Structures are given as structure tokens and as C-alpha cells.
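Structure first, then comments.
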Amino acid sequence: MAKREIQIASAIERALTELGISPPEGGVKVERPARLEHGDYATSVALELSKQLGKNPRSFAQEIIETRAISEIPHLKGIELAGPGFINFRLMYSHLHESLLELLRQGEDDFARSELGHGEKIQLEFVSANPTGPLHVGNAWWASYGDAIKRVLERSGFNVKTEYYVNDTGGQIRTLGESLLARRSNQAPPEDGYQGEYVVELAKKYNGPDDVLEAGKFAVKENLAAIKASLLNLNINFDEWFSQASIEESGAVDETIEILASMGATYEKEGALWLEATRFGDNRDRVLRKSDGYFTYLAGDIAYHRNKFLVRGFDRVIDIFGADHHGQVASLKAAMSALGIEAQRLEILIGQMVSLVEGDRKVKFSKRAGNIVSMEWLVSELGPAVTRLLSLSSSLDRAAVIDIEEAKSTSMDNPAYYIQYAHARIASIFRVAESRGVLVRELAEVPLDLLKTPRELELIRTLISLPDVVDDAAISRAPQRIVAWLKSLASAFHGFYHDCPILAEGIEEDLLQARLQLAKATQIGLRVALFLVGIEAPEQM
RNA sequence: GCCCCUGUAGCUCAGCGGAUAGAGCAGUUGCCUUCUAAGCAAUUGGUCGUAGGUUCGAUUCCUACCGGGGGCGCCA
């Protein structure tokens, strides 16, 4: 809850105390009603408590309203008893002006920043696509998500490190090397190899020996460079690129398996070493070391996650997996439990598959078959802002459908431009103000209380809700809430811009100054929120 | 068969247990001597998959069923 809600909630708690009633478990909830006619803030506490107290909710609400504590709520203008027992609070506009002033004093660095996370150390792993080819559209989707979650968590006071786990070892690298060598000698790649055209390009650049592993390593290096470049195109940078080979070479996998074995969590069967995962909540046991002596992917992943928790000391680890890797979740959590790490500290978010349609036609893609729709292509078609906004407009849980035709054809009235345009318009106002020699007064000299038309008040209301939205997005790992807020803020601003001229003839100097400050505050809000979703705030369009 | 996600306007999607369910696109219609019309305003469009349950109150939580997607390897 934001500051104002907390003020009111604590007043209600004092009111209950006056009446000799203990507050509900989890505290009194105060919310902002969807409709303005229901007041600025409302509580349903009377409805919640009336049954256990054997009271009529409406008369109980009336008792609360009449307490001294309620009458002392700052900025209080009126109270209403509504519906089955809601208490609606109406505040004077001064509460909005006070909050606006606070926002302006905090500025871009501090507004909507909180200490919710108390510096908790979080490691956030996402994308982690195998470096066997270019990133596809789904990777772009989840990458935008992961990056935005990082930004939002940091704003809420968490200490976040992002990481890309590079699967640079194992059978797939061998397969990749085989495919490359085949292409170099102008042959078709193996049937289960990588068929993509990009392998032909890699083969042209490769002048090493006819060695599958050498060729594979070369291809990985090249692919990884391409992956980094595409992510950078989307304004995404990782703190760490963690090599799977490095963890195997360091002996950490052996070490981890020995620990699991010493704890009696493993057994041998048919020449392989198994993890007794069923004992820890998985629905089947899992192989750690194959009968050919090689470790499974899972074994490496367990060692890697052990490293995150026990070697690097993260309090919490968040992984974002694609839905096609959902099967790993139970195994990995089981392994953590077996290692004595509470499974709750490992949080795995699943990104549902992204599909493409072009008109009525479904576009299928698969990395092995080579007909992937690359992230590179998508970003070049739509631009980074539209790509990020489109992916952050829906929840990670939903299997998104992108209509390529529509994404392209509607790009001119895309919400991304709608939001960016608001920012550009504000920048333009300040450019014009400067060119006309308008002096922007010191904040303390500006009568913000002149802002009282519905447009101005609505804009302020939307603006000051951002701190709550950010914390909520952080807790729920839901950066799409920031996008929703941006859309509503842009809408409130465009309405204000249309109806409330700032620099036009006949606008009194005091009002001009107040409106300039409101524009300034909007600029701050836009810049903060656009940064959180990784979208550029343009000065002009 | 088992596990995960999902079903909201013609389409793509929001929606923190609350009051009359929202946005964009698509449709219809107004507004540029003005700080950028990439804008504003009006209007059409809904049995929130179905049936139960919990609750003062359910689109939201629980159960079952029906549709859609994904996963159930000594692949990664």
C-alpha cells in the first residue's frame, strides 16, 4: 500500500481499537476504488468483520465512521457509507498536490523506488538458449520479460544479478560440429543435425581442422557472439555469461554428485547413477551419470544451481524457462531439497510458447529444421521498442500469438508509439518554453493547488500510483503491470495536453508554472517506467 | 494416463477477493489559425468455457468436466 493508504488504514485500526475490536488478520485493507464516485479511498473492513462480530455491516460501518480516529485523517473532506457496508473516503485535492510535490522533489532517481527487497540477493537466469543457432522469436519474448523483471526488482530494493547459462558442451555441440563439417564439404548435414542456412555461413568462415569438437567450438563461439549482439539490439545486457563446460571442467559436477551420494540420495542401476528424485517430490527418479560415463544435462544443472546458492551465496534464484523445459522443474527442485537447499528459494517461471501467424497461416519454427523465425528479424521488422512493448503487454503464462502482418501494419498506431509520443510531447513543451524565454520557477514558488480540472487531477492520480505499481510488479514478477500503467499514464497525459494548454495565449503565469511542473512530473514518471521496461524515452518523434 | 499453462468484446490482450468487467485494433461519427492530429472526444460490441463449492461478496480461490498449448529421454 502507498503512503496515503497506510495513513488511512492505520486510522481505521485506531478506530477499531476505540471500539474495542481487534483488526483483521493481515491488517486493514484500504483500496482505491475503480470509480471516482466511490471516493478516493475505500475500505471493506466492516463487511469483513461484521459476521464474526454478529453485527449488521452497515451499522458497524457507521460506528467506525463516527470514531475520533477517522475524523483525524489528513486531508479528509467527507466519508460515505455505501452499498452493503463499504466506507468511502473523499479527500481534499490538497492530498494530490502534496503527493505531486513529493514526486517532484524525489525526481527521476528516487520516485517509485522502494526498500521492499531490503537488498535481498537474487540471481536471475533467463534466455540461456543453446548456442547452436540464432535466437528465435520466443527467446525475444522471454528475454524482454527477464530483463524487465530485473529492472523492476532493482527499483524495489532487491540486489539482482542476471545470468545467461551457456550450454557449450554435450552431444549437441558435437552434432553442431558435424553439421558444420558436412556443410564445408558441400554435403547435407546429418538427419538429426542442424539444417539451418546459418550453418552454411559458419562453414565458410571455418578454416580449422576436420575435427568435430573443434568445429563445434568454433560454431558455438560464433553463435554466441551473434546472440549477444541480438540481445544488445533489444537493450539487454547480462551481468554474467556462465559456461556449462567451465562447471564440468572445474570438477564441480563430480563434487556435487559425491555429496548427493554421501547423503544417500543416489543409487546405481543398469550401469547408470540415479538421483532418488521421487523422495523429494519428483514423479520419477533421474539419471545423473549415464552408462557411457558422461553426465546428464541435469547433473550439470544441479551443480550449477548448487554453485548459485552455496558458492556464490544468493538468497534466491529465479530461472525463466520456456514451457518446453518445464519438465526440468520438479527434478531441479528435488535435487535442491536433496542438497539441503529449501526448494522455495528456487523460483522457476515458465514462459509459455510464442507462436506466429501471418494472416490465417501458422508459421512453424524449429531450430533443428532450420526454419526458425529469428529474433534478429523480428526486431528489425518492428524495432526494439515495439518488440519489447508487445511482449510485455501480456503475461508470461499466456501462449502469445503474434500476427506478423498486424504487428507490422499497425506499427504506426502501436501503443509503444502512443507512450513514447507522450514523452516527446513533453520534451517539446520544454523546448518551446525555453525558446520563448519562459523561466521555470523554483518548485517552492509554484502554486500547485491551481491544478484542479478533472484532466489535471486524473493525471496526478495516475502518476502517484506508480510506486505501488512497481512494488506490485516486483512481488508478482509481473512487468506487464508497468506497461499497463504506462498506457494509462500516456492516456491521462494526452487528455491533459489536449484540454489544458500551458504555453498558449492568455494562460496566467501561475497556472502556466503549475502546469509546467505537472508536465515535468509526467516526464519523470514516464522516464522511470519506460526505463523499467527497457524502452527508450525519445526527446522527439 | 500423469504434470504445468490457458479459455474475458469480431481480433490481440489487461484485469491486486470487492461496487456498473477494461484497453488497443477493427466498425460508425465529430475535432487541426493553438505547446507535434503518432493526438482528443462520442458511439457500437460481453451468459468472463460449463457445472458445482468456499465467501457478506468470485472473472479472480477450490473441485470436476469440456476446448487449446506445452511437457512426461541414460537429449539438451
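The values are calculated or read from the model by the stated rules, or taken from the named source; none is laboratory data. From a predicted model like this one, the values you see are computed outputs, not experimental measurements. Here the Cβ positions follow ideal geometry from the backbone for every residue, glycine too, while neighbour counts run over all protein chains shown. To get the accessible areas, we keep the full protein, side chains included, count just its heavy atoms, and leave off ligands, DNA and RNA. Shrake-Rupley method; radii C 1.70, N 1.55, O 1.52, S 1.80 Å.
Please work out whether the range A:3-92 counts as rounded, prolate or oblate from its C-alpha gyration tensor, where a ≥ b ≥ c are the square roots of the eigenvalues and a/c under 1.5 means rounded, while otherwise a/b larger than b/c means prolate and anything else oblate? Judged from the Cα gyration tensor, the range A:3-92 comes out prolate (a/c at least 1.5, a/b above b/c). Given their separation in residues at 0.36 nm each and the Cα-Cα distance between them, A:GLU63 and A:VAL401 gain 116.4 nm when the chain is fully extended.
For chain A, what is the percent of antiparallel DSSP beta bridges, rounded to the nearest 5? Expressed as a percentage, antiparallel bridges in chain A total about 50.
In this structure, the residue pairs whose Cα-Cα separation is over 29 Å, taken from A:LYS204/A:LYS308; A:LYS221/A:LYS290; A:LYS3/A:LYS121; A:LYS204/A:LYS228; A:LYS150/A:LYS205, are A:LYS204/A:LYS308; A:LYS150/A:LYS205.
Would you work out the relative contact order for chain A, in percent, from Cα pairs under 8 angstrom that are 6 or more residues apart? If you can, show how the numbers build up before the last one.
Numbers: 857 pairs, mean separation 84.5, N = 541.
16 percent.
Projecting label points 7 angstrom from Cα along Cα→Cβ for A:MET541 and A:GLN328 puts them 3.8 nm apart. Ranked by solvent-accessible area (1.4 Å probe, protein heavy atoms only, all chains present), the residues A:HIS95, A:HIS325, A:HIS136 order from largest to smallest as A:HIS325, A:HIS136, A:HIS95.
Here the spin labels are modelled as points 7 Å beyond Cα on the Cα-Cβ line, and at A:ARG174 and A:SER250 they lie 2.5 nm apart.
With each run of n ≥ 4 DSSP H residues scored as -39500 (n - 2.57), what mean residue ellipticity at 222 nm is computed for chain A after dividing by its residue count and rounding to the nearest 500 deg cm²/dmol?
Numbers: 21 runs with 265 residues, N = 541.
When only DSSP H runs of four or more count, the value is -15500 deg cm²/dmol.
The alpha carbon centroids of the range A:482-541 and the range A:71-101 are separated by 26 Å. Stretched out straight at 0.36 nm per residue, the stretch from A:GLN344 to A:VAL357 would grow longer than its current Cα-Cα span by 0.9 nm. The alpha carbon centroids of the range A:242-311 and the range A:1-55 are separated by 52 Å.
Remark: C-alpha extents of the range A:58-136 on the principal axes read 69, 35, 26 Å, sorted largest to smallest. Residues A:ASP319, A:ASP110, ordered by accessible area of protein heavy atoms at a 1.4 angstrom probe radius and largest first, appear as A:ASP110, A:ASP319. Overall form of chain A: oblate. Here a/c, set by the Cα gyration tensor axes a ≥ b ≥ c, is 1.5 or more, and a/b is not larger than b/c. What FRET efficiency do you get for A:GLU240 and A:SER94 if R0 is 45 Å and r is their Cβ-Cβ distance, rounded to the nearest 0.05? Calculated value: 0.40. Subtracting the Cα-Cα distance of A:ASP110 and A:ASP211 from 0.36 nm times their residue separation leaves 30.8 nm of extension gain. Apply 1/(1 + (r/R0)^6) to the Cβ-Cβ distance of A:ASP510 and A:VAL200, taking R0 = 56 Å, and write down the FRET efficiency to the nearest 0.05. Taking R0 as 56 Å, the efficiency between A:ASP510 and A:VAL200 is 0.20. Simple spin-label estimate for A:LYS228 and A:ILE6 gives 4.3 nm between the two label positions (7 Å along the Cα-to-Cβ direction from each Cα).
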